[in-house]
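The values are calculated or read from the model by the stated rules, or taken from the named source; none is laboratory data. Remember, predicted model here, so these are calculated numbers, not experimental data. All Cβ positions, glycine included, derive from the backbone under ideal geometry; neighbour counts span all protein chains shown. Areas reflect the complete protein model, heavy atoms only, side chains present, ligands, DNA and RNA absent. Shrake-Rupley method; radii C 1.70, N 1.55, O 1.52, S 1.80 Å.
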Amino acid sequence: MSKEKSDVEIKAFVDELMGKMTLEEKAGQITQYFNFLRVPEESRRVEAELAAGRCGSMLFVPNAEDINRLQKIAVEQTRLGIPLLFGYDVIHGLRTAMPVPIAVAASWDPDLAEEGQSVAAAEARAVGLHWSFAPMVDIARDPRWGRIIEGAGEDPYLGAAMAAAQVRGFQGAYVGAPDHVISGPKHFAGYGAAIGGRDYDEANISDNELWNVYLPPFKAAIDAGAYNIMSAYMGLNGVPATGNKWLLSDVLRDTWGFKGFVVTDAGAAYDLCTHGYAADVADAGLRALDAGVDLEMAPPFGESAYRTLPQSVAEGKVSEADIDIAVRRVLEAKVRMGLFDNPYVDVKEAEAVLTRPAHRDTARRAAERSAVLLRNDGDLLPLPRDLASIAVIGPLADSARDTVGPWIFEQDDSETVTVLAGIRAKVGAATRVDYAQGVTLPGRYFKSIFENDEHKQTPRPIVDDTIGIQRAVDLARKSDVVVLVLGEGQVQIGEHASRSSLDLPGRQQELMDAVIGTGKPVVLLLMAARPLDLKGSYTRALMGIWYPGSQGGAAVANLLFGDAVPGGKLPYTWPRNIGQIPLHYAQLKSHKPDWAAERYWNEPNSPLYPFGYGLSYARFSYANLRLSASAIAPGATLTVSVDVTNSGKVGADEVVQLYIHQRHGSSARPVRLLKGFRRIPLAAGETQTVSFPLGPDELSHWSAASRSVVLDATTFDVFVGGDSTADLTASFDVRKG
Ligand code: NOJ
């Protein structure tokens, strides 16, 4: 059983090792290469670099056999036998796919996020991985940006809670804890603000937004112990994040006291040339190092910039001592992860961990808790169990690849439960379940990221859309209920998957309208991770199921038939159409607030569904909002309490949300800000009192006027309820002296 190593012990070990290293070996230790195993010539090149001592870390090796084989090269064939640190994008599971991160954020259940990532960590560690490039904690307020799927949505408070929980899940009690891996929050910082939602494009963020919106989830992740940070691709306010000393040194280390190691995003050091920032690759290496990057993730199929560092030392452009700082941090990570004790893993044991039934249970429960019910007219859901026939329609209803979503490469498709399979497994022999794909979804599936071409994909099942829609309509007509599964495919969302439209891709809208036209009761399940524009088409029930993971279909079936009750809430504002973007709830008041609802002349300014919104099969009511004090001194804490009642007929969870508004002060503050939430189970008829503290953490903000964190003496309004439009209010003062 490994235990946490002491700083003294680690320092002594690393000192001795570094004493034996050549400058070239040091540059190698701070270089990380992709190993594309299915591209033999590339793999050979990278493995030759490894054997020559020019590679300290690898990514994209996802299985125990290859990890052991490569470790053997590092340990037995390199001069000093320093083991490799293996990193990977374990974003929402390795073999067992959890729902995608935005889905888990929609559960508003940080404990669930922690549990999900601890399952992911156990599977990763079992195969020999030491580090996950996750969580992505970028705030995303523009749904055109495909990577909205990887984060926790628009809000820094929810984002910080989810960031910290995921770090705890990945890392466990300490860095190097058994069954856990290093967590690397990313992309530092501001990547989610890509202009126009175009992935990798520049971000221009005011200091006010940076400190109050974009940085807090990173700070929370670091406070939770995150041992790695990944620098972002884009330029932040004109300076590339990966060459940004203010970000990577002043903020991260000097202000926040970060003790771990910084890695670049893939090829981001080299990109300093692309940005027109560094003069050449050698300059790029120098500028990244100087900014505070420790380990360079070399570009896929490309050479590292850090390989030029020894030459730069020879030319007097950087000192060996500067390089040593980075080398020490990477070696410390290796020592903490126990690599010098035992670099290998047990292949048989790994397979046992990957197939643990408990992991599937977590995945199913997570999918159940993530779903967001947006409409349920006449209580169409839950469906009765004695239906004679159900029509399951849509190109996403029986697609294992799409069900797990992007950023999963090791899943077992045959293990994945689609919505169709989940429904079939759930209903009795008396219920007929028929399926019609309806239309073809544009785009393909990821075949494998290990192929030579990273984006090479396999085609999807094709149907003739016109015939397919007719078949779907015929099927709907002869069925009691229609379950329609529409949305975006696996490659239409994620990295490098921005969209300039929020419409349903392909002819899905037409399919939906035709099916609605039959007059049959329709449940629309949206498999998507951005707020899509359904053009007002109206189905009686609508539920966001996200990309629910490998047990997704089982979870959805439980939700449809009432064995689970939806309790998720939106982690982003759902606009009426794309023209309203960016639209988030935490807006600032401006001239003529009474006109705010009519800022567009052609339609309301309000969203279709507000942030924090989600229905249940139960009904909740809120009463007796009370504060423990009507005035407090700056630095003091008061308690907000509210009684929440489940007035429905079934036990269900409610996410109780608390928002504040600062009336005046040293800077203008948003109309509402989330500052507390709790997901609580309530039995039918039960009332519970829920309390929240409001103290300096919740009441202070970074003020652009003083360029520091302030707690203004002012009046605060408090709003409590089930979404960001909550109308139960109270207020209190913060008063000096
Ligand atoms: C690029 C992505 O931006 C980053 O999130 C990921 O971790 C690396 N590629 C490695 O796959």
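Evaluation of residue 401 against the conditions (1) under 27 Å from residue 266 (Cβ atoms); (2) open to solvent by less than 10 Å² (accessible area, probe 1.4 Å); (3) part of a helix (DSSP H, G or I) shows that the sole unmet condition is (2). Among residues of the stretch 2-46 being part of a loop (DSSP other than H, G, I, E, B) and charged (D, E, K, R), the one that is nearest to residue 322 (Cα to Cα) is 5.
Those residues that are among the β-branched types (Val, Ile, Thr) and either open to solvent by 10 Å² or more (accessible area, probe 1.4 Å) or in a strand (DSSP E or B) (or both), I need them from the stretch 475-528; list them, please. Walk me through how you get there before you give the answer.
As a first pass, look at the stretch 475-528 and keep what is among the β-branched types (Val, Ile, Thr): 481-483, 485, 491, 493, 515-516, 518, 522-523.
If the condition is that a residue be among the β-branched types (Val, Ile, Thr) and either open to solvent by 10 Å² or more (accessible area, probe 1.4 Å) or in a strand (DSSP E or B) (or both), then 481, 482, 483, 485, 491, 516, 518, 522, 523 are the ones that fit.
A quick yes/no check of all residues on (1) crowded, with 20+ Cβ neighbours inside 10 Å; (2) under 21 Å from residue 296 (Cβ atoms); (3) assigned by TED's automatic domain parsing to the domain that holds residue 489; (4) touching a Phe, Trp or Tyr at 6+ places or on another chain (Cβ under 9 Å):
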residue	(1), (2), (3), (4)
20	no, no, no, no
26	yes, yes, no, no
53	yes, yes, no, no
72	no, no, no, yes
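I need the full set of residues from the stretch 325-346 which are in a helix (DSSP H, G or I) and either within 26 Å of the chain's Cα centre (by Cα) or surrounded by 16 or more Cβ atoms within 10 Å (Cβ to Cβ) (or both), in order please. Walk me through it before giving the result.
Going through the stretch 325-346, the residues in a helix (DSSP H, G or I) turn out to be 325-336.
Those that are in a helix (DSSP H, G or I) and either within 26 Å of the chain's Cα centre (by Cα) or surrounded by 16 or more Cβ atoms within 10 Å (Cβ to Cβ) (or both): 326, 327, 328, 329, 330, 331, 332, 333, 334, 335, 336.
Taking (1) among the basic types (Lys, Arg); (2) assigned to a helix (DSSP H, G or I); (3) farther than 23 Å from residue 350 by Cβ in turn, residue 72 satisfies each apart from (3). A Cβ distance below 7 Å, combined with a sequence gap of six or more or placement on separate chains, defines the contacts here; from the stretch 59-80, residues that are within 23 Å of residue 94 (Cα to Cα) reach residues that are within 16 Å of the ligand (Cβ to nearest atom) and of a type in the set (Ser, Thr, Tyr) in the pairs 59/88; 60/88; 62/88. Considering each residue of the stretch 98-115 in turn, at least one proves to be open to solvent by 10 Å² or more (accessible area, probe 1.4 Å), part of a helix (DSSP H, G or I), within 15 Å of the ligand (Cβ to nearest atom) and on the phi < 0 side of the Ramachandran plot.
Annotation: of all residues in the stretch 119-146 being closer than 18 Å to residue 575 by Cβ and either surrounded by fewer than 24 Cβ atoms within 10 Å (Cβ to Cβ) or not hydrophobic (A, V, I, L, M, F, W, C) (or both), the one that is nearest to the chain's Cα centre (by Cα) is 146.
Checking the stated criteria, residue 603 turns out not to satisfy the condition of being among the acidic types (Asp, Glu), open to solvent by 50 Å² or more (accessible area, probe 1.4 Å), more than 21 Å from residue 157 (Cα to Cα) and outside the structural domain of residue 142 (by TED's automatic domain parsing).
Check the stretch 90-112 and report whether any residue there is without any contact (Cβ under 8 Å) to a residue 60 or more places away in the chain and over 25 Å from residue 680 (Cβ atoms). I'd like the intermediate steps shown before the answer.
Residues of the stretch 90-112 without any contact (Cβ under 8 Å) to a residue 60 or more places away in the chain: 110-111.
Pick out the ones that are also over 25 Å from residue 680 (Cβ atoms) and you get none.
The answer is no; no qualifying residue exists.
For (1) touching a Leu at 6+ places or on another chain (Cβ under 7 Å); (2) more than 26 Å from residue 350 (Cβ to Cβ); (3) open to solvent by less than 20 Å² (accessible area, probe 1.4 Å), each residue gets a yes or a no:
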{"site": "163", "(1), (2), (3)": "no, yes, yes"}
{"site": "172", "(1), (2), (3)": "no, no, no"}
{"site": "192", "(1), (2), (3)": "no, yes, yes"}
{"site": "211", "(1), (2), (3)": "no, yes, no"}
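Looking only at residues of the stretch 297-323 that are open to solvent by 40 Å² or more (accessible area, probe 1.4 Å) and over 27 Å from residue 43 (Cα atoms), we find that the one that is farthest from the ligand (Cβ to nearest atom) is 316.
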